[in-house]
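Report on the structure given below.
The values are calculated or read from the model by the stated rules, or taken from the named source; none is laboratory data. Given the structure is predicted, the values throughout are model-derived calculations rather than measurements. Quick reminder, even Gly has a Cβ in these numbers, built from the backbone with ideal geometry, and neighbours come from all protein chains shown. The accessibility values were calculated without ligands, DNA or RNA, using every heavy atom of the protein model including side chains. Shrake-Rupley method; radii C 1.70, N 1.55, O 1.52, S 1.80 Å.
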Amino acid sequence: MGSSIDADVVVVGAGLAGLTAANRLLQQGRRVLVLEAGKDDRYLCNSRIASGSFNLAHSDPTSDADTLYDAILGDTEGAADTAQARAIAETVGEAFKWFREEGAKFVKITRPGKAASNWSMAPPRPAKPGFGWEGRGPDQALSALERNFLKRGGSFSFGTRARALVMDGGKVVGVKAERGGETVEFRAAAVVLADGGFQGNPDLVRRFISPKPESLVSRNAKTGRGDALAMAEKIGAKLVGMNRFYGHLLVQEALTNNVLWPYPTIDTLASSAIVVGRDGKRFIDEGSGGVAMTNVIAGFDDPLSATAIFDQAIWEGPGKLEFTPPNPHLVDCGGTLTSANTLAELAAKLGLPADALVATVEDYNRAVAAGTPDRLSPPRAPGRMFGVLRSSSTRTQIAPIAQAPFHAIKLAPGLTYTMGGIAIDGEARALDAAGRPISGLYAAGACTGGLEGGPMDGYVGGLCKALSLGFIAARTISAQEAAQSHRNVG
């Protein structure tokens, strides 16, 4: 055992959730230490490389709390934990204002196919494929929070990977971590876990999400290893929603060509096409949207068995709708668009049974013409654009696949971040298997569960979720310490 270091609060992880909690706690007079596994202040995390789109359940975070609460429940089909949903809906506006005062900059951008403008962190990411995160809005905002944290007297411990929680009489009183080849114990009255999801841990991805994590494109910073949830589970914390994740459909070459991720995504195109398996038959409601389809395909024994089939009209229409659309970027960046003048010829190029593919498209076209796509097996609903289906402005229209040339894209699931994690209440307190708060333990951001997911893999918004829960965790810790001091005086 190496040295022991004390603080009022130890925060595990220096992403948006962790730095929000840390800065707020410093503003409230607490001594705060942040443990970050990255070795220097340019550490990678999902917060830093994010696209910068800032919305809560596809809604403006400055909307009133009731509107935001309804949006969360709507996008998750009512599956979101109501206490978390209400707390975040009531907090995000204040947290957003604070975030901007801390130095985060925003602009309003109108996305293709969207009826309204959205907040985007500035400077925004350019509408082109590839990583391109350096110097963009999320990177600059995270750097501003780092500087503010140090100016307020906070302490970082870089190159420090938290490995176990320290317990005393059922209360969490610190963290054991690896640093420089030794084990260091950090003691504190409270611990905030905020080190992101487990998308960067193949063993956990295999346990909860996909039998073949190697067939999923790591559409993330590759630093979310699930340490926080592993530590919490070991002391009896409840894990929820672990089989759901946020991600997008990508072309298969994205597994080996870094220019093809995180963009272009194939979601809107696939939601307007049909998606077939190796048997040439549909297996999913394409109208469920890209995030839902990505989750389903990732769970297959062969996650690389799905192909989107569409025609020239779809390629020239929905194929151009996303912020960084597959038309024209997919081919320009080395992805494969398979094309043919007939469906039988297309099937031969893809190695699919021609009779089955032709029959699938013919059945589909008849149902579209008759206005009965809901009677197909599986049924076909209107397409969800960008993962939301609450108004006609966010739907793609169902159209026949009839205009040659016909096209296909072989799909790969892209994993951005995991939606499940440590169960928390509306005050960001970690809960045990019986739903009781674990004394001294809090969690925020993508290491938590219960908010996103549900039957349609509803996406609430990673940045807003992280900011709000970090804000709530700091508020809860300060309120509880104030209450304890009052009791001691009394």
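Computed from the Cα positions only, the extents of segment 271-422 along the three principal axes stand at 49, 36, 31 Å, in decreasing order. In the chain the Cα-Cα distances spread across 10 Å bins starting at 0 as 4, 20, 30, 23, 13, 6, 2, 0, 0 percent of all pairs. The distance between label points at residue 344 and residue 31 comes to 8.0 nm (points 7 Å beyond Cα on the Cα→Cβ vector).
Taking the average, over residues, of other Cβ atoms within 10 Å as the packing measure, peptides 459-467, 238-246, 336-344, 9-17 rank 9-17, 459-467, 238-246, 336-344 from highest down. The calculated pair-distance distribution of segment 406-456 uses every alpha carbon pair, bins of 5 angstrom beginning at 0, and gives 4, 18, 21, 17, 11, 8, 6, 5, 4, 3, 2, 1 percent.
Among 442-450, 204-212, what's the highest-first ranking by average C-beta atoms within 10 angstrom per residue?
Working: 442-450: 31.4, 204-212: 18.8.
Going by the mean number of other Cβ atoms within 10 Å, highest first, we get 442-450, 204-212.
With θ taken as phi - 60° and the Karplus curve 6.51 cos²θ - 1.76 cosθ + 1.60 applied, the whole-hertz 3J(HN,Hα) list for segment 302-312 is 10, x, 9, 9, 9, 9, 8, 10, 7, 10, 5 Hz, x standing for glycine and proline.
Over the chain, Cα pairs under 8 Å with separation of 6+ residues give a relative contact order of 23 percent. Note that segment 1-51 shows a convex hull volume over its alpha carbon atoms of 88 Å³ per residue. Quick check: pseudo-label points 7 Å beyond the Cα along Cα→Cβ at residue 83 and residue 178, how many nm apart are they? Spacing of the two 7 Å Cα→Cβ label points: 3.4 nm. Placing a pseudo-label 7 Å from each Cα along the Cα-to-Cβ vector at residue 305 and residue 108 gives an inter-label distance of 4.8 nm. Residues in segment 22-88 average 37 Å² of solvent-accessible surface per residue, probe 1.4 Å, ligands and nucleic acids excluded. Annotation: aspartates and glutamates with alpha-carbon distance below 16 angstrom to residue 212 (same-chain offsets under eight excluded): 203, 301, 302. For residue 132, no residue 5 or more places off, or on another chain, has a built amide H under 5 Å of its own. Considering all different alpha carbon pairs of segment 122-218, the Kirkwood hydrodynamic radius works out to 17.2 Å.
How would you order 142-154, 183-195 from highest to lowest mean count of nearby Cβ atoms within 10 Å? Walk me through the numbers before you get to the answer.
Numbers: 142-154: 17.1, 183-195: 24.9.
Per-residue mean Cβ counts within 10 Å order the peptides as 183-195, 142-154.
Karplus-derived 3J(HN,Hα) values for segment 341-349, using 6.51 cos²θ - 1.76 cosθ + 1.60 with θ = phi - 60°, are 7, 10, 5, 4, 5, 4, 4, 4, 5 Hz; glycine and proline are entered as x. Under a 5 Å amide H cut-off, with hydrogens placed 1.01 Å from N, residue 163 pairs with 176, 177, 178 among residues at least 5 apart or on other chains.
Under 4 °C and 1.567 mPa s, how fast does segment 226-322 diffuse according to Stokes-Einstein, given a Kirkwood radius computed over C-alpha pairs? Answer in µm²/s, whole number. Working shown, then result.
Details: Rh = 15.2 Å.
The Stokes-Einstein estimate is 85 µm²/s.
Backbone phi angles across segment 217-233, fed through the Karplus curve with coefficients 6.51, -1.76 and 1.60 (θ = phi - 60°), yield HN-Hα couplings of 6, 6, 8, 7, 7, 6, 10, x, 9, x, 4, 5, 5, 5, 5, 5, 4 Hz in residue order; Gly and Pro are listed as x.
Taking all protein chains in place and a 1.4 Å probe, what share, in percent, of the accessible surface of the chain do carbon and sulfur account for? Taking all protein chains in place, the chain shows 50 percent carbon and sulfur surface.
Based solely on its DSSP helices, what 222 nm [θ] is calculated for the chain when runs of n ≥ 4 H residues each add -39,500 (n - 2.57) and the sum is averaged over all residues, nearest 500 deg cm²/dmol?
Numbers: 14 runs with 157 residues, N = 490.
Result for the chain, helices only: -10000 deg cm²/dmol.
Taking every DSSP beta bridge that has both ends in the chain, the antiparallel portion is near 70%.
Which FRET efficiency value, to the nearest 0.05, is calculated for residue 168 and residue 100 with the Förster distance at 35 angstrom and r the Cβ-Cβ distance? If you can, show how the numbers build up before the last one.
Working: r = 40 Å, r/R0 = 1.13.
Approximately 0.30, to the nearest 0.05.
Given R₀ = 41 Å, what would the calculated FRET efficiency be for residue 256 paired with residue 235, taking r from the Cβ atoms and rounding to 0.05? Mind showing how you got there, number by number?
Details: r = 40 Å, r/R0 = 0.98.
Calculated transfer efficiency: 0.55.
Only Cα pairs under 8 Å and 6+ residues apart enter the sum, and on that basis the relative contact order of segment 134-227 stands at 18 percent.
Summarising the amide proton neighbourhood of residue 461: residues at separation of 5 or more, or on other chains, whose placed amide H is nearer than 5 Å comprise 57. So for segment 4-151, taking the charge dipole from beta-carbon charges (+1 Lys/Arg, -1 Asp/Glu), which of 95, 109, 84 sits furthest toward the positive end? It is 109, whose Cα lies furthest towards the positive end.
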